[in-house]
Amino acid sequence: LRASSSESRGALIVLEGLDRSGKTSQSSRLLSYLEGLGHSTELWRFPDRSTSVGQMISAYLSNKSHLDDRTIHLLFSANRWEKRVTVEVSLYKNFDYQKFQDSNELFSRSDGFTQISLMETQLKNGITLIIDRYSYSGVAFSSAKGLDIEWCKAPEVGLLAPDIVLYLDIPPEKAAERGGYGGERYEQLEFQRKVAKCYQAQCDSSWKVIDACQPIEDIEKQLQDAVLDHVTDVCQPIEDID
Ligand code: DGP
Ligand code: NA
Ligand code: NA
């Protein structure tokens with residue numbers, strides 16, 4: 001399943017950053033902006049707490065359950081995979097079957113279940129996806145616990161690679177001052193300092209780093225400028241994380 005290089009598609013835009021870096025409100029603003037320009041756009045977030053895997057993650061984050069570091073790492077990854085590859089349509093509650101019925105992404109397995117590639121279908125249908133956290137959170141938060149970074153990256157291989165990663169850069173101390181953390185498992189200054197280092201270890205020239213200490217409107221404008229090139233006539237094939 002690959003977009004042919006001649007047809008245009010939606011863009012895959014990822015926002016990353018520490019907790020309280022402003023990602024969530026900036027992704028909503030970016031959504032309004034792109035919709036205002038007439039682009040079909042959806043805002044997704046990971047973890048997606050609505051699925052059964054997501055509920056296990058949510059319980060872990062609120063300290064209602066305790067899981068081994070590698071186990072929770074793989075659950076976060078599975079939560080991205082369940083949106084990437086295929087779902088059994090008949091079992092997927094929130095799925096709008098009608099909308100996708102004619103899509104060439106639908107195919108039947110020999111056991112009779114119909115499967116679909118969710119993210120890829122959306123992109124190929126011309127829908128731009130803004131994603132609040134993705135694989136880079138997975139690698140940053142788990143390697144901050146001391147897990148080997150290559151081990152952390154392995155289950156992310158094969159997920160769709162973003163067209164652009166927007167990193168909202170905030171010193172951990174500044175983030176901690178912002179109205180306090182919500183009390184979830186990772187929202188502690190010492191840990192966030194390690195996460196920041198683990199984000200730095202992943203950051204390369206394909207990332208757009210934005211100073212998240214600027215006024216909200218300035219950040220908003222810089223995000224708009226950064227995505228504009230990426231949402232018009234996207235023709236390059238959708239690639240996988242390698
Ligand atoms: P959020 O809903 O964006 O506030 O994220 C919840 C918390 O989970 C946040 O502290 C970041 C962390 N997180 C997000 N994705 C992953 C992941 O893939 N792996 C791990 N270990 N933590 C993650
Ligand atoms: Na959070
Ligand atoms: Na968030």
Next item on the list: Could you give the spread of the C-alpha atoms of the stretch 189-231 along their three principal axes, from largest to smallest, in whole angstroms?
Entry: 34, 24, 12
Next item on the list: Pop the C-beta distance of Ile216 and Arg49 into the FRET formula with R0 = 35 Å and round what comes out to the nearest 0.05.
Entry: 0.85
Item checked: Semi-axis lengths, Å, the stretch 136-192, gyration tensor of Cα atoms, sqrt of 5 times eigenvalues -> 25, 15, 9
Check: Looking at the square roots a ≥ b ≥ c of the eigenvalues of the Cα gyration tensor of the stretch 109-242, which shape do they give, rounded for a/c under 1.5, prolate if a/b is larger than b/c, or oblate?
Finding: oblate
Next item on the list: Provide Arg29, Arg20 in ascending order of the number of other Cβ atoms located within 10 Å of each residue's Cβ, fewest first.
Entry: Arg29, Arg20
Next item on the list: Return Leu12, Leu75, Leu228 ranked ascending by Cβ neighbour count within 10 Å, so the fewest neighbours appear first.
Entry: Leu228, Leu75, Leu12
Next item on the list: For the stretch 47-60, just list the computed ³J(HN,Hα) in residue order, Karplus coefficients 6.51, -1.76 and 1.60, θ = phi - 60°, integers in Hz, with x standing in for Gly and Pro.
Entry: x, 8, 7, 7, 8, 5, 5, x, 5, 5, 5, 4, 5, 5
Next item on the list: Report relative contact order for the stretch 124-226 in percent, whole number only (criteria: Cα-Cα under 8 Å, sequence separation at least 6).
Entry: 34 percent
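Coordinate-derived values only; no laboratory data. As the structure is a prediction and not an experimental result, all values here were calculated from the model. A quick note on method: Cβ atoms are made from the backbone with ideal geometry, for glycine too, and the neighbour counts reach across all protein chains shown.
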